[in-house]
Amino acid sequence: MGWMKRLLTPPLLVIAALLMWIEDSLWQWLKQFTAWLEIFPLVRRLEARLALLPPYAAMVVFLLPTTFLLPVKLLAVYWITRGYWLASFALLAAAKIFGTALVARMYVVCQPSLMSIDWFRRVHDWLLSTRDVLYSAVRAMPIFQMVKAKLSAIKFAARAMLVRIQGRRNLILRRWRAIRRWTRDRTARTTSERR
């Protein structure tokens with residue numbers, strides 16, 4: 001049984017880290033994206049009231065978007081059973097993005113109250129430490145190091161090629177301008193000689 005654990009642990013670590021990275025990236029991006037909502041006075045007032053909620057009321061507000069989106073996700077599952085695959089996956093993706101955006105915003109607003117709940121703070125810290133352990137385990141894998149080196153080489157080659165292309169483009173533009181000047185001057189000389 002030990003051989004199976006050694007065989008399955010690296011790919012499962014990669015999958016878990018990848019899923020956590022996607023969720024974390026989506027979370028961070030959506031937190032920044034929803035920050036623009038603060039420009040609206042009504043939203044600012046609502047968020048100010050939400051920030052003053054007691055801990056468990058803040059927990060209810062934090063979980064509301066997930067609860068409201070459950071029927072939407074069940075509808076998507078129903079559509080899958082009816083054969084509407086594309087519509088179902090589009091609905092699931094939209095619900096995931098919209099739900100994560102709302103939860104991320106509620107987390108930003110209610111975080112001080114939520115962190116005063118002891119078990120929530122422990123779960124929060126455990127999730128962050130698990131994420132860090134997963135990321136460090138994946139970064140320590142030789143395959144990760146190899147892929148990272150290959151990606152860096154590709155990135156460097158792409159930048160070098162871009163610089164070369166831009167240099168050639170500038171050279172071509174200079175030559176094109178010179179040819180246009182030469183033909184314009186030649187045309188002007190020819191017309192002046194005819195007069």
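Given the criterion touching a Gly at 6+ places or on another chain (Cβ under 8 Å) and not aliphatic (A, V, I, L, M), identify the matching residue among Thr66, Thr81, Thr34.
Result: Thr66 is the single residue among Thr66, Thr81, Thr34 that is touching a Gly at 6+ places or on another chain (Cβ under 8 Å) and not aliphatic (A, V, I, L, M).
Report, ordered by the first and then the second residue, all pairs with beta carbons closer than 8 Å, sequence separation of six or more or different chains, a first member in segment 1-22 that is in a helix (DSSP H, G or I), and a second member that is surrounded by fewer than 14 Cβ atoms within 10 Å (Cβ to Cβ) and modelled with pLDDT under 70.
Partner pairs satisfying both residue conditions: none exist.
Looking for something within 30 Å of Lys148 (Cβ to Cβ) and either assigned to a helix (DSSP H, G or I) or not assigned by TED's automatic domain parsing to the domain that holds Leu26 (or both) - is there at least one such residue anywhere in segment 85-94?
Yes, segment 85-94 contains at least one residue that is within 30 Å of Lys148 (Cβ to Cβ) and either assigned to a helix (DSSP H, G or I) or not assigned by TED's automatic domain parsing to the domain that holds Leu26 (or both).
Tell me, which residue of segment 25-66 that is among the aromatic types (Phe, Trp, Tyr) and part of a helix (DSSP H, G or I) is surrounded by the most Cβ atoms within 10 Å (Cβ to Cβ)?
Here the residue is Phe62.
Restricting attention to segment 98-136, and to residues there that are under 16 Å from Trp21 (Cβ atoms) and of a type in the set (Val, Ile, Thr), which single residue is modelled with the lowest pLDDT?
So, considering only residues that are under 16 Å from Trp21 (Cβ atoms) and of a type in the set (Val, Ile, Thr), the one modelled with the lowest pLDDT is Thr100.
Hey, could you check segment 79-96 for residues that are among the aromatic types (Phe, Trp, Tyr) and surrounded by fewer than 18 Cβ atoms within 10 Å (Cβ to Cβ) and say which is farthest from Phe33 (Cα to Cα)?
Tyr84
If you go through segment 151-175, how many residues are within 22 Å of the chain's Cα centre (by Cα) and either of a type in the set (D, E, K, R) or loosely packed, with under 10 Cβ neighbours inside 10 Å (or both)?
1
Residues being of a type outside the set (A, V, I, L, M) and either exposed (fewer than 14 other Cβ atoms within 10 Å of the Cβ) or free of Cβ contacts under 8 Å to residues at least 24 places away in the same chain (or both): count how many of those fall in segment 97-143.
16
Results for (1) of a type outside the set (A, V, I, L, M); (2) more than 16 Å from Trp27 (Cβ to Cβ), shown as yes or no for each residue.
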{"position": "Pro41", "(1), (2)": "yes, yes"}
{"position": "Arg49", "(1), (2)": "yes, yes"}
{"position": "Leu64", "(1), (2)": "no, yes"}
{"position": "Phe68", "(1), (2)": "yes, yes"}
{"position": "Leu86", "(1), (2)": "no, yes"}
{"position": "Val108", "(1), (2)": "no, no"}
{"position": "Ser116", "(1), (2)": "yes, yes"}
{"position": "Arg121", "(1), (2)": "yes, yes"}
{"position": "Leu128", "(1), (2)": "no, no"}
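Conditions first: (1) farther than 26 Å from Arg121 by Cβ; (2) of a type in the set (Val, Ile, Thr); (3) touching a residue at least 40 places away in the same chain (Cβ under 8 Å). Thr81 passes all but one, so which condition is the exception?
Of (1) farther than 26 Å from Arg121 by Cβ; (2) of a type in the set (Val, Ile, Thr); (3) touching a residue at least 40 places away in the same chain (Cβ under 8 Å), only one is false for Thr81: (3).
For Ile165, indicate whether it is over 30 Å from Ile15 (Cα atoms) and in the same structural domain as Pro11 (by TED's automatic domain parsing).
The answer is no for Ile165.
The values are calculated or read from the model by the stated rules, or taken from the named source; none is laboratory data. Source: prediction; values computed, not measured. Positions of Cβ are backbone-derived with ideal geometry, glycine not excepted, and every protein chain shown enters the neighbour counts.
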